[in-house]
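Here the structure is laid out as structure tokens; the discussion comes afterwards.
Values quoted throughout were computed directly from the atomic coordinates according to the rules given, and no laboratory measurement underlies them. The shown structure was predicted, so the numbers you read here are calculated from the model rather than taken from an experiment. Glycine also receives a Cβ, built like all others from the backbone with ideal geometry; neighbour counts cover every protein chain displayed.
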Amino acid sequence: MTSYFCDRLRPTFEHRRRGCRLKPWGKEPRFPVPPSRPNNCRSCNPIPFPPSLAQWRNDGGDYWDQLVTPEVGALVWSEFPIQVYVEPPGKQPSETAWTQAVLAAVQEWQPYLPLVVVDQSESADIAIWRRSPPLRLAPRPSPSVAPVIERVRSAETRYALYLQQGSGSASVLIHRCVIYLSPKQTAFYVRAAARHELGHALGIWGHSPQETDTMYFAQVRNPPTISQRDVNTLKRVYEQPTRLGWPLRNGN
């Protein structure tokens, strides 16, 4: 069984926090960004390194050179624990199995970054929904080519940027992620897809070329668990500069 993950540098505004002063920021990011492109984000700074990541050794290499860098810098979290919402089950046994599989995937990432499951999607940093990714049009090579709908995907991660009023006069740039996971897969593959998409939502915006990594670009018959290379890559991501979590000044 081989299916391809779909990970989109595209904003979505479905899950804004209620009770917070948030508003969309900027234009839709361009995709794809060349992996070799340097991070030229002005006024970017690394966030304080998460202690839960610092304890892990860097043996085994990484695939940092395969990742893309958005214009705002690394898509990292600076406030912990990261709040994760998982769509609750309905009355069908398959829905319960889906939810349990996703929650198990959340637990797998716990040793590396603090995560907490919340009951309200509006307050979540990452919202995971039991539905197929929305259909979208494929990029057209030229205006004369008729638009074509991209093939159906089993999973997708998107992010949105917001401005949040800080304690002073400056606003803080933050992001939220939404993950769509198809309800038509077995619990075994739902867990694998959730594990992979959570890797993106936590900051790994790219794929590994090796089947032994959970961030491998395709879903395989025997999905791997989180590898040392996955962890090493995540550590590299959290060492990178970002605008997220920092006050924005005039001109930024």
Under the Karplus relation with 6.51, -1.76 and 1.60 and θ = phi - 60°, whole-Hz ³J(HN,Hα) for the range 196-205, x at Gly and Pro, equal 5, 5, 5, x, 5, 4, 7, x, 7, 9
Exposure proxy check: 158, 130 ranked by fewest other beta carbons within 10 Å? 130, 158
Ranking 204, 247, 186 by how far each Cα lies towards the positive end of the charge dipole of the range 172-250 (+1 on Lys and Arg Cβ, -1 on Asp and Glu Cβ), the top one is 247
